[in-house]
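Engineer: The structure follows.
The values are calculated or read from the model by the stated rules, or taken from the named source; none is laboratory data. Since the model is a prediction, treat every value here as computed from it, not as a measurement. Every residue, glycine as well, gets a Cβ built from its backbone with ideal geometry; the counts of neighbours run over all protein chains shown. Each accessible area value is taken on the protein alone, full model and side chains, heavy atoms only, with ligands, DNA and RNA left out. Shrake-Rupley method; radii C 1.70, N 1.55, O 1.52, S 1.80 Å.
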Amino acid sequence: MAIKETVDVSKIKYGANGLVSVVVQDYESGEVLMLAEMNAEAVEKTFTTGYAHYYNAQKKCVMKYGVSKGNTQTVKVAFLTEDGGSLLLKVVQKGKLSAEKNAVSAFSTQIKGAYNDIGGEMFGRLQRIVAEVKANPEDGAYTSFLFARGVDRIGKKVGEEAVELVIAAKNPEKVGVINEAADLLYHVMVLLSAKDVKISEVCSELCKRNR
């Protein structure tokens, strides 16, 4: 259920067309999901209900995200630029943005660079992939095998990979550390999913400890 709270929207500056630009970002992974626009009505409905509403230029009306497909975007955090001219929403999105492309983001066409150096964003993406396998087991898939064996088996693998990482760290080459760290982090993500723990909850705890 969406969280309802009082939000001060008085600093939002609408353009001459009565709209404000909105960047929508995944709360867990940090992926940019879409660009949109809101008018005052959409802003009011968004922060009153907790669910993202946008201005639909084609239909010239305010619509709740995903209303025709039963999808939602629950707003977790919102930011405003210093000049008040743009909004950034961090949301938990239910459903795909594009069923045809099986995409959660409107930015699905890559035109430059290698998508392999994305830092913390990867954990959110991996969390979603693991959750999908958990909900829809696949015959022969290693992740499905782990979930079928339960927390004890997953926990054992976490322990084994942790030991292997320590052993790799004793060698001068870093490639072994990279490989073993990847194995450990993957199994940790599976364990978190098995216990229904979100990576954002772990990050929140880390932030508390970093003060």
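Engineer: Select from segment 149-183 those trypsin sites (Lys or Arg not before Pro) which occupy a DSSP coil region and have at most 11 other Cβ atoms within 10 Å, ordered by residue number.
Structural biologist: Those satisfying the criteria are 170, 174.
Engineer: Going down the list 13/198; 59/94; 11/112; 11/64; 156/198; 69/156, which pairs span over 29 Å between their C-alpha atoms?
Structural biologist: 13/198; 11/112; 69/156
Engineer: Please compute the per residue accessible area over the chain with all protein chains in place, 1.4 Å probe, rounded to a whole number of Å².
Structural biologist: 64 Å²
Engineer: If you build a Gaussian network model of the chain, linking Cα atoms that sit under 10 Å apart, which residue out of 177, 91, 190 swings the most?
Structural biologist: 177
Engineer: Looking at 159, 131, 56, which one has the Cα that reaches farthest to the positive end of the dipole of the chain (charges on Cβ: Lys, Arg +1; Asp, Glu -1)?
Structural biologist: 56
Engineer: Compute the orientation-averaged projected area for segment 105-211 from the convex hull of its Cα atoms and round it to one decimal in nm².
Structural biologist: The directionally averaged projection comes out at 9.6 nm².
Engineer: Additional query: At a probe size of 1.4 Å, how large is the accessible area of residue 138, to the nearest 10 Å²?
Structural biologist: Ignoring ligands and nucleic acids, residue 138 comes out at about 100 Å².
Engineer: Translational diffusion coefficient, Stokes-Einstein: compute it for segment 1-97 using the Kirkwood radius over C-alpha pairs as Rh, at 25 °C and 0.890 mPa s, and state it as an integer in µm² s⁻¹.
Structural biologist: D = 184 µm²/s.
Engineer: Continuing with this model, one more query. Express the Stokes-Einstein translational diffusion coefficient of segment 118-163 in µm² s⁻¹, to the nearest whole number, given a Kirkwood radius over alpha-carbon pairs, 25 °C and a viscosity of 0.890 mPa s.
Structural biologist: Taking Rh from Cα pairs, D becomes 211 µm²/s.
Engineer: Of the listed peptides 8-20, 78-90, what is their order by residue-averaged count of other C-beta atoms within 10 Å, with the highest listed first?
Structural biologist: Ranked by mean Cβ neighbours within 10 Å, highest first: 78-90, 8-20.
Engineer: By the scheme Lys and Arg +1, Asp and Glu -1, what is the net charge of all other residues having a beta-carbon under 12 Å from that of residue 63?
Structural biologist: +3
Engineer: Another question, then. Let me see the pair-distance distribution of the chain: every alpha carbon pair, 10 Å bin width, integer percents in order.
Structural biologist: Taking every Cα pair in the chain, the percentages come to 7, 26, 30, 21, 11, 4, 0.
Engineer: So which GluC sites (Glu not before Pro) in segment 31-77 end up in coil per DSSP with only 14 or fewer other C-beta atoms within 10 Å?
Structural biologist: Answer by residue number: there is no such site.
Engineer: Right, here's the next one. Could you give me the percent of Cα pairs per 10 Å distance bin for segment 154-204, shortest bin first, beginning at zero and ending with the bin that holds the maximum distance?
Structural biologist: 28, 42, 26, 4
Engineer: A further question on this structure: Mind pulling the angle between the C-alpha long axis of helix 40-49 and the longest principal axis of the chain? Nearest 10 degrees, somewhere in 0 to 90.
Structural biologist: 50 degrees
Engineer: First compute the accessible area of segment 137-211 with a 1.4 Å probe, then give the percent of it belonging to carbon and sulfur atoms.
Structural biologist: Its accessible area is 57 percent carbon and sulfur atoms.
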